[in-house]
Protein chains: 2
Amino acid sequence: MSGGAYRAAGVDIDAQDEALGEVKGLVRSTLTDGVLSELGAFGGLFRLPSGLRQPILVASADGVGTKLRVAQLADDYSTVGQCLVNHCVNDILVQGAEPLFFLDYVGAGILAPDKVIELVRGVAAGCRDNGCALLGGETAEMPGFYQPGDYELAGFIVGVVEQERLLGPDRVTAGDVLIGLPSSGLHTNGYSLARHVLFEVLGLEVGDRLPVSGDERTVGAALLEVHRTYLPALRPLLSHPGLHALAHITGGGLTDNLPRVLPATCGAAVDRSSWVPEGLFGLLQEAGGVDPEEMFRVFNMGVGMVAVVESNAVEGVVSTLEEQGESPWVLGRVEADRRGVRYEA
Amino acid sequence: MSGGAYRAAGVDIDAQDEALGEVKGLVRSTLTDGVLSELGAFGGLFRLPSGLRQPILVASADGVGTKLRVAQLADDYSTVGQCLVNHCVNDILVQGAEPLFFLDYVGAGILAPDKVIELVRGVAAGCRDNGCALLGGETAEMPGFYQPGDYELAGFIVGVVEQERLLGPDRVTAGDVLIGLPSSGLHTNGYSLARHVLFEVLGLEVGDRLPVSGDERTVGAALLEVHRTYLPALRPLLSHPGLHALAHITGGGLTDNLPRVLPATCGAAVDRSSWVPEGLFGLLQEAGGVDPEEMFRVFNMGVGMVAVVESNAVEGVVSTLEEQGESPWVLGRVEADRRGVRYEA
């Protein structure tokens, strides 16, 4: 029998099994001490690290948006998996959590095994980079549901933090200082607008050189830069009492994401002259005729993570970040009796 | 400004915000004691139940396959969310775990807010039914990536089990008895083949009456039956020493899923005369010209969950299940010195 009628309906169980074999090897490369389950079990098993007094689990789900389309156009599926893991790692890092495990979901019409493997290779690399086990996942072949070549990639992460080390608005007070860390390009947000400007307004293709002076990358390479992880840079600071909050600058930009980690009575003042966004942002703004205000809501504008730090701890935090190879910027400060973000300069 | 250029590129942030508002109310309806986070935080926060000696986290990711297409054809998005949660609950239940929290991912080209809300309403209902918090999720609007009306729905669950109460192959021995629990239709597997047979071979539409004697349902209603949860029926047995393993009968059917919970030296003998699959399965087999062997690999054939039980505990387990309103069947037994599933009759 071997799936004859099922294959006629578009599902190739043997091809799935073959891809799953390779995927299992990639999964194995990410295993950490906590993982108890055999591959192939219904659910993945994970033992919490010992020695935690009041462990709080922190979980997040995400995708990488239409960056998937750029990967498809460039026929390069190697980076979006890393982007996905790093995005999720950053989303729980902002609450002080270190990652424990990750699960992925890949949907497609017909699974092209080489593409699935490239996607999962990226996911596995991202997991290894962050010391996070790839505990499970689902690859769903849904014939007739996706257009040929189309696919979806979603991810789920679980991390842990001691309750007393939770970061967030409760710790933040007026006078705290905003320290920005550089992004690696667009990360995973604003791709619908970026694609519109680059491919439709400017008529560029993925293989074309980016029309930005001094930038040697192709459009595809610039758009597929890996959304970086901030875990290695920030891990040494997670137990620092002067670190009050972290904001991951994703969809909504600085404008919407900074207020998420401020108390309701406070706003943020950001000095736009304190850093220079890379040329790609200027190109998108100019060619797309996009208002500066909208740029700061759609794109990260070169700032992928903001640390909210007690004013007398700034020097120490900055020097710790520099020891990790970072180039942090002091962007501004937290202000009392207002809300939202006020941009200066 | 308010997203002018971004909207021109196809992303409507205000419409998203409106849907998110309704979604937040649904999320609130699922909150349990463990949930610490405010809605809108980057990651969801969950405190483990106290009193666990050696807690093992059990996690799973899944989708509902092309059942999504049936929901689309029938313009009824109310059940697939429940199917997704119940599927995930069952997948961790088989390792003895009770659910803690769930996260969902909804992808679409343009998010039609009413459909998103209906999807999430189903997810929230499923979470409430299983005492599981909807801790977070992502709704991704990806213009140009999905065809109009198309969408994706994936879910992720985390539960917990005491290490000493983990179920699985280690506990199973030859002579154990297989007890089946009825499925509620196709659950979430075999929809590509079922759609092919019903819509293409038979030329039926979702509003047509199912051509099965004594079955009053439309094709759409039969295909959209909620994938049931087995948690309420099995919860009283999770600490029963005679319950050795559970197999959730999903893609791969009894043929592929039973062996996943047997030791490598054992196989299963299943007496096909011990239960009668509902008429829909016979229709699919006959009209599709599908081999019986393939039927048992693609569909659950009326058995959604199998309990592997110590022979001298069968009577007690069956009577506990009957007290929960179940109609369990004794399907067969575990046999030594062979592998796979052997069907009798």
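The values are calculated or read from the model by the stated rules, or taken from the named source; none is laboratory data. Computed from a predicted structure; not experimentally measured. We place every Cβ from the backbone using ideal geometry, glycine too, and count neighbours over all the protein chains shown. Please note that ligands, DNA and RNA were not included when accessible areas were found on the heavy atoms of the full protein model with its side chains. Shrake-Rupley method; radii C 1.70, N 1.55, O 1.52, S 1.80 Å.
Table for the structure above
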quantity: Lone qualifier among B:Val309, B:Val334 - being away from chain A (no Cβ under 14 Å), touching a helix residue (DSSP H, G or I) at 6+ places or on another chain (Cβ under 6 Å) and either surrounded by fewer than 22 Cβ atoms within 10 Å (Cβ to Cβ) or farther than 21 Å from B:Asn86 by Cα (or both); calculated: B:Val309
quantity: Selection count where residues are open to solvent by 40 Å² or more (accessible area, probe 1.4 Å) and in a helix (DSSP H, G or I), scope region B:256-278; calculated: 5
quantity: Of all residues in region B:258-291 being facing chain A (nearest Cβ under 10 Å) and free of Cβ contacts under 8 Å to residues at least 12 places away in the same chain, the one that is farthest from B:Arg195 (Cα to Cα); calculated: B:Asp291
quantity: Residue, most open to solvent (accessible area, probe 1.4 Å), within region A:99-120, restricted to residues that are touching a strand residue (DSSP E or B) at 6+ places or on another chain (Cβ under 8 Å) and of a type in the set (Val, Ile, Thr); calculated: A:Ile110
quantity: Check on B:Pro236, over 30 Å from A:Asp17 (Cα atoms), within 21 Å of the chain's Cα centre (by Cα) and open to solvent by 10 Å² or more (accessible area, probe 1.4 Å); calculated: yes
quantity: For B:Pro55: the one exception among (1) over 16 Å from the mean Cα position of the chain (by Cα); (2) open to solvent by 10 Å² or more (accessible area, probe 1.4 Å); (3) modelled with pLDDT under 90; (4) within 7 Å of another protein chain (Cβ to nearest Cβ); calculated: (3)
quantity: Those residues of region A:74-98 which are open to solvent by less than 10 Å² (accessible area, probe 1.4 Å), within 18 Å of A:Leu135 (Cα to Cα) and either at pLDDT below 95 or out of contact with any Phe, Trp or Tyr (no Cβ under 9 Å at 6 or more places or on another chain) (or both), in sequence order; calculated: A:Gly81, A:Cys83, A:His87, A:Ala97
quantity: Conditions (1) within 12 Å of chain A (Cβ to nearest Cβ); (2) over 25 Å from A:Ala140 (Cβ atoms); (3) in contact with a strand residue (DSSP E or B) (Cβ under 9 Å, 6 or more places away or on another chain); (4) open to solvent by 10 Å² or more (accessible area, probe 1.4 Å); number of the one not met by B:Ala245; calculated: (4)
quantity: A:Gln147 part of a loop (DSSP other than H, G, I, E, B), within 14 Å of chain B (Cβ to nearest Cβ), open to solvent by 10 Å² or more (accessible area, probe 1.4 Å) and farther than 30 Å from B:His196 by Cα; calculated: no
quantity: Boolean, B:Ile157 is under 28 Å from B:Arg47 (Cβ atoms), out of contact with any helix residue (DSSP H, G or I) (no Cβ under 8 Å at 6 or more places or on another chain) and of a type in the set (Val, Ile, Thr); calculated: no
quantity: Failed item in (1) within 12 Å of chain B (Cβ to nearest Cβ); (2) in a loop (DSSP other than H, G, I, E, B), with A:Gly131 passing the rest; calculated: (1)
quantity: Residues within region A:136-163 that are in contact with a Cys (Cβ under 6 Å, 6 or more places away or on another chain) and either under 15 Å from B:Leu57 (Cα atoms) or without any contact (Cβ under 8 Å) to a residue 60 or more places away in the chain (or both), tallied; calculated: 1
quantity: Selection from region B:43-70 of residues that are hydrophobic (A, V, I, L, M, F, W, C) and out of contact with any Ser or Thr (no Cβ under 7 Å at 6 or more places or on another chain); calculated: B:Phe46, B:Leu48, B:Leu52, B:Ile56, B:Leu57, B:Val58, B:Ala59, B:Ala61, B:Leu68, B:Val70
quantity: Boolean, B:Ala287 is modelled with pLDDT of 95 or more, over 19 Å from B:Gly180 (Cβ atoms), touching a helix residue (DSSP H, G or I) at 6+ places or on another chain (Cβ under 8 Å) and not in a loop (DSSP other than H, G, I, E, B); calculated: yes
quantity: Entirely in region B:10-126, the helices (runs of 4 or more DSSP H) that have 2 or more residues that are closer than 30 Å to B:Leu198 by Cα and outside the structural domain of B:Thr250 (by TED's automatic domain parsing); calculated: B:67-73, B:80-93
